[in-house]
Amino acid sequence: MEPIVTGSQEEVRAIVTLVAQVEHAQRNGLPDALTEQFRPDAFWTMPYGDPLTGLEEISALAQNTTVIDHGALAAS
């Protein structure tokens with residue numbers, strides 16, 4: 001099944017690039033590279049834990065996590 005993609009090619013490329021950068025940062029334990037992907041007013045939800053609001057909360061989590069085998073972040 002092919003995904004249905006709407007929007008301009010430029011928008012699609014930007015989203016694909018962002019997802020790849022977040023994945024790379026998570027898989028390689030690069031908290032600063034992960035934090036750089038978020039705006040100061042970001043809101044991040046995860047399948048576990050409380051939602052994070054703002055760059056400060058996201059950065060604090062990223063700085064205090066390690067990478068586990070499947071690339072998800074886990075508290076160290």
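The values are calculated or read from the model by the stated rules, or taken from the named source; none is laboratory data. Because the structure is a prediction, the values reported are computed rather than measured. For neighbour counting, all protein chains shown are included, and Cβ atoms are generated from backbone atoms with ideal geometry for every residue, glycine included.
Of all the residues in region 41-76, those that are surrounded by 12 or more Cβ atoms within 10 Å (Cβ to Cβ), part of a loop (DSSP other than H, G, I, E, B) and at pLDDT 80 or above number 2. If I ask for residues that are under 10 Å from the mean Cα position of the chain (by Cα) and in contact (Cβ under 8 Å) with a residue 40 or more places away in the chain, which ones from region 1-37 would you list? Result: Glu23, Gln26. For region 1-40, a tally of residues being surrounded by fewer than 10 Cβ atoms within 10 Å (Cβ to Cβ) and closer than 21 Å to Thr65 by Cα returns 2.
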